[in-house]
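S.K.: Right, I'll just put the structure down here and ask away after.
The values are calculated or read from the model by the stated rules, or taken from the named source; none is laboratory data. These numbers come from a predicted model, not from an experiment. Heads up, the Cβs are rebuilt from the backbone with ideal geometry, glycines too, and the neighbour counts pull from every protein chain shown.
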Amino acid sequence: MSIAIVPAPVSVVPGDGTFTLAGATVSGPLAEYLSETLGLAVVESGGDVRLELGSGAAPGGYTLEVAPAGIRLAADATAGLFAGVQTLRQLAANGPVPCVSIEDHPRFSYRGAMLDVARHFFGVADVKRYIDDIALLKFNHLHLHLTDDQGWRLEILSRPELTAKGATTQVGGGGGGRGSGGGSGGFDAPLFYTQDEYREIVAYAASRFITIVPEIDMPGHTNAAIVAYPELGDSPAEPYEGIEVGFSSLAIRSESTYDFIEDVVREVVGLTPGPYLHLGGDESLSTTDEDFLTFIARATAIAAAHGRTLIGWHEMGRSRDLPAGTIGQYWSFTTPQEGAAEHTLSFVEQGGRVIMSPADVAYLDIAYEPDAALGLVWANGPTSLEQAYDWDPADIVPGIGEEQLLGVEAPLWTETVRSIGDAEYLAFPRMAAVAEIAWSPRGARQSFADFAGRLGSIEAVWDAAGIRHRPLDG
């Protein structure tokens, strides 16, 4: 029996025979989760499937032993056990579990997906669903793009107009609501998360060993904020429902702007226990170079004072005044464009590391084919599954190799995405390609043909979970 797992493990040694899960019991940490996903009966100890801590596995990793008499999954931390459970779910998707010995651990500590909830809003239930989706592929960070020209999506108690006035629109119009469904129809209330709802998302992600990374984009992509508080801009703003970028900017020379940043950062950090805060910094096309550098120095200093490691899109690397350790997120192409390599290297030179998200291969919102109803094509698109797989983050920017990389992220922007099903269709199966790049060491990856052949194992899991995805032969 072949052993097909995505992402590819570090080491797989097939054995003889199979283990049947029907009627089996499970014991140890995460036993309840495995009971929910595979239907096993939980026992206090000595289960047919034993989940154990203290294995000596590599950080974030696990060992999995499947024998005809039972299964042992072990790790040094519960997050490693959770990763191993995802492997077991794949092995069990098509019948009896094949006997095998697996040693596995992640290539990068940061394995991220991003969901844009600003251009189109997605309710709490939809975000939870996306969290479960990405957990199947061993992602451990969800970057939420919470603010943009089209809408401000997080309640800030000290700045109530951000949601009262700045959360009433999205791309294509339509009021918003806080229920499940996303989309642009049928809602009659503002589109935003209350602070309690956001806490619920953060807690649910943590239960799946996923860290929420909130993004408050600035100084561009701020039209919604300026609609709410006109003093934040140099001129009044109107609600925006289009998809153009680069036209908005905070008032760089106004002290009101920096008071606003202090208020917002203080509350966002208070709601988000993870180590990271994303401040955007991209596509500030209506901000002069001098003003941009002035702003980045002041804004990042304010944010860093709240004890978080900052992340910024690679344009932020134009500044040489970043707080030590600031992370750069690269979003240019696999062949760097227009200073992107230099700006990204700047983060490393200032003591930080880099998250790789090259748009022409890792942006999941790029269409699969020309003239598709879902997705855009600006990033050298369309982007096939093979293109999403056939690259390596250590080969993009000269001077940024394995040691300089924090990890990899697969963003999903939502200009054309009106439901969580739309999001899933664009993300899967390409999300699996990025997941393997982020998790599997280069030596474990072989060819695209090998990867495509293994995808059937996880497609069965997606089908069982009701995840909408593009057919693998499509």
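S.K.: Residues being touching a Gly at 6+ places or on another chain (Cβ under 7 Å) and either within 25 Å of Met431 (Cα to Cα) or not in a strand (DSSP E or B) (or both): count how many of those fall in the range 84-114.
M.R.: Looking only at that region, the number is 8.
S.K.: Taking the options Trp413, Trp391, name whichever one is closer than 22 Å to His120 by Cβ, in the same structural domain as Ala423 (by TED's automatic domain parsing) and either in contact (Cβ under 8 Å) with a residue 40 or more places away in the chain or of a type outside the set (Lys, Arg) (or both).
M.R.: The conditions single out Trp413.
S.K.: Still on this structure: Confirm whether Gly246 is touching a Leu at 6+ places or on another chain (Cβ under 8 Å), outside any helix (DSSP H, G or I) and among the small types (Gly, Ala, Ser).
M.R.: Judged against the criteria, Gly246 is a match.
S.K.: Please state which of the following conditions Gly112 fails to meet, knowing it meets all the rest: (1) among the small types (Gly, Ala, Ser); (2) surrounded by fewer than 20 Cβ atoms within 10 Å (Cβ to Cβ); (3) within 24 Å of Gly281 (Cβ to Cβ).
M.R.: It fails just one condition, (2).
S.K.: Would you kindly identify the strands (runs of 3 or more DSSP E) lying entirely within the range 1-70 that contain at least 1 residues that are within 29 Å of Arg107 (Cα to Cα), in contact (Cβ under 8 Å) with a residue 40 or more places away in the chain and touching a Leu at 6+ places or on another chain (Cβ under 7 Å)?
M.R.: 62-67
S.K.: Against the condition under 21 Å from Ile212 (Cα atoms), in the same structural domain as Phe139 (by TED's automatic domain parsing) and crowded, with 24+ Cβ neighbours inside 10 Å, how does Ala433 come out, does it pass?
M.R.: Against the criterion (under 21 Å from Ile212 (Cα atoms), in the same structural domain as Phe139 (by TED's automatic domain parsing) and crowded, with 24+ Cβ neighbours inside 10 Å), Ala433 does not qualify.
S.K.: Select, from His343, His314, His306, the only residue that is free of Cβ contacts under 8 Å to residues at least 60 places away in the same chain and under 19 Å from the mean Cα position of the chain (by Cα).
M.R.: On inspection, the qualifying residue turns out to be His314.
S.K.: Out of the range 209-243, which residues are part of a helix (DSSP H, G or I) and touching a residue at least 40 places away in the same chain (Cβ under 8 Å)?
M.R.: Of everything in the range 209-243, those that are part of a helix (DSSP H, G or I) and touching a residue at least 40 places away in the same chain (Cβ under 8 Å) turn out to be Asn223, Ala224, Ala225, Val227, Ala228.
S.K.: A further question on this structure: Would you mind telling me which numbered condition in (1) modelled with pLDDT under 95; (2) in contact with a Gly (Cβ under 7 Å, 6 or more places away or on another chain) Ile296 fails?
M.R.: Going through the list (1) modelled with pLDDT under 95; (2) in contact with a Gly (Cβ under 7 Å, 6 or more places away or on another chain), Ile296 breaks only (1).
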